[in-house]
Amino acid sequence: MRLVAVDPYIWDWGNLLFRWLHVIAAIAWIGSSFYFIALDNHLRPPADERDAERGVGGESWEVHGGGFYQVLKFRVAPPTLPEPLHWFKWEAYTTWLSGFALFIVVYYVHAGTFLVDPSVAHLSTWEAIAISIGGLALAWVVYDGLCRVLARDERLLAVAVFAFVSLSSWAACRLLAPRAAYVEVGAMIGTMMVGNVFFVIIPAHWELVRAKQAGREPDPRWNFRGKQRSVHNNYLTLPVVFAMLSNHFPFTYGHSHAWLILVALMALGAWIRHFFNLRQVGRNAWWIPASAAVGFVVLAVLIRPSNSVSLAAGPAVSLAQVQSIVEQRCVPCHSAKPTQPGFSTAPMGIRFDTRAEIEARAQAIEQQAVETKAMPLGNVTKMTQAERDVLARWLRSR
């Protein structure tokens, strides 16, 4: 069931524009975040004693774009506030707002296709949407609470946040359609990150600014709070990026242990980020990327589909039988003229209108419909296991 009866072509344009904006804003946010963490890691004590006397805690010399730059960081705040003072916040806000708009256009408006999977959980579209939105709010409340309780013990805090993300992944994969579950977890972490900016980092900056405006000495605790959450965002970035790209990898979210695969890949992403953070302070811990590479290889081996799906015994399958199944279960979306609500064109340009098109895409059918069972999306056209077995026998006999 669609929530809003609108020409699918309109939603296609919403998908394009919001996704484009989301990617652009995310590039700007991630770029500035990575840059400032790297800048902090590159800081050295100021060479000029006069800089130290006026509160400079570190300096960095950089070369880029045909010029040299000297960047100074004050321990707390400069003696007088400069004008203009450049802030970095709208990149984060725009990323989240455009991402949520994209979530609405793709997953909420067409919840029956993308968000709900009866084989996972029997939910109405409204129930699934409520769970998704509630998950975003819950993510911030739980994460922020953990940060406040465990602020002085970063290692214990990291373990607690990892446990919460793991539990969220497990729950999402048991309530929502597999592809949507991965994106939901990514959106939950993204909400934690933008919450850091909106509720902690920017207010901390304002406290420092107001103190200077009032002629008071700024409280360095605000520097600590802002810095702590900024570092958290730095480590959470690569896990979020994977989650948002995950719909291209059905062999991950289509696996029977999809939630565990998501947790493992996110952990490996954060681990790789740790290597770069250490490298920026002069520590080349090459064992980190080496161990991450081993982790990726082990994971790839563990979740590798068998060379051929297990098949029930049965007679040989003709292409006519396959075409009949494909016409019922796949063509509603994958056609020159889709009939499935929410689609104005065939997803990824893949069509199964003719026998030639079916044969040309046999490998995709095997991966998506037989091995991972990622298609049809949410099994909206109700493909049965018996039909998947028929497809598998045909694929093996080719």
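Observations on the model:
- Tabulated pairs, segment 240-262, first within 18 Å of residue 364 (Cβ to Cβ), second β-branched (Val, Ile, Thr) and not in a helix (DSSP H, G or I), C-beta under 6 angstrom, 6+ apart or interchain: 250/372; 251/372; 254/372
- Failed criterion for residue 256 (all others in (1) closer than 30 Å to residue 305 by Cα; (2) assigned to a helix (DSSP H, G or I) hold): (2)
- Checking every residue in segment 119-132 against the condition of being surrounded by 17 or more Cβ atoms within 10 Å (Cβ to Cβ), touching a residue at least 24 places away in the same chain (Cβ under 8 Å) and under 16 Å from the mean Cα position of the chain (by Cα) gives at least one match.
- Elements of type helices (runs of 4 or more DSSP H) contained in segment 48-158, each with 1 or more residues being closer than 30 Å to residue 210 by Cα and touching a Phe, Trp or Tyr at 6+ places or on another chain (Cβ under 7 Å): 90-103, 125-149
- Total residues in segment 54-83 satisfying the condition of being touching a Gly at 6+ places or on another chain (Cβ under 9 Å) and open to solvent by 40 Å² or more (accessible area, probe 1.4 Å): the figure is 6.
- Restricting attention to segment 175-193, the residues that are open to solvent by 20 Å² or more (accessible area, probe 1.4 Å) and under 22 Å from residue 231 (Cα atoms) add up to 0.
- Any pair with Cβ under 7 angstrom, 6 or more apart, that starts in segment 145-162 at a residue that is over 17 Å from residue 193 (Cβ atoms) and without any contact (Cβ under 8 Å) to a residue 12 or more places away in the chain and ends at one that is in a loop (DSSP other than H, G, I, E, B) and open to solvent by less than 60 Å² (accessible area, probe 1.4 Å): 156/150
- Number of the exception - residue 51 against (1) in contact (Cβ under 8 Å) with a residue 12 or more places away in the chain; (2) more than 16 Å from residue 183 (Cα to Cα); (3) open to solvent by 70 Å² or more (accessible area, probe 1.4 Å): (3)
- Any hit, segment 162-177, residues being within 18 Å of the chain's Cα centre (by Cα), at pLDDT below 95 and under 27 Å from residue 256 (Cα atoms): yes
- The set of residues in segment 201-215 that are over 22 Å from the mean Cα position of the chain (by Cα) and in a helix (DSSP H, G or I) comprises 202, 203, 204, 205, 206, 207, 208, 209, 210, 211, 212, 213.
- Neighbours by Cβ (under 7 Å, 6+ apart or cross-chain): first from segment 169-191, acidic (Asp, Glu) and outside any helix (DSSP H, G or I); second buried (at least 24 other Cβ atoms within 10 Å of the Cβ) and modelled with pLDDT of 95 or more: none
- Scope segment 87-118; condition of a type in the set (Asp, Glu) and more than 19 Å from the chain's Cα centre (by Cα); matching residues: 117
- All of 111, 172, 160 fail the test of being under 18 Å from residue 231 (Cα atoms) and crowded, with 17+ Cβ neighbours inside 10 Å, apart from 160.
- The number of residues in segment 245-277 being among the aliphatic types (A, V, I, L, M), surrounded by fewer than 20 Cβ atoms within 10 Å (Cβ to Cβ) and more than 13 Å from residue 292 (Cβ to Cβ) comes to 2.
- The residues of segment 194-230 that are closer than 24 Å to residue 22 by Cβ and open to solvent by 40 Å² or more (accessible area, probe 1.4 Å), listed by number, are 198, 199.
The values are calculated or read from the model by the stated rules, or taken from the named source; none is laboratory data. Not measured: the values here are computed from a predicted model. Using ideal geometry, Cβ is built from the backbone for each residue, glycine included, and neighbour counts are taken over all protein chains shown. The area values use the complete protein model at the heavy-atom level, side chains included, leaving out ligands, DNA and RNA. Shrake-Rupley method; radii C 1.70, N 1.55, O 1.52, S 1.80 Å.
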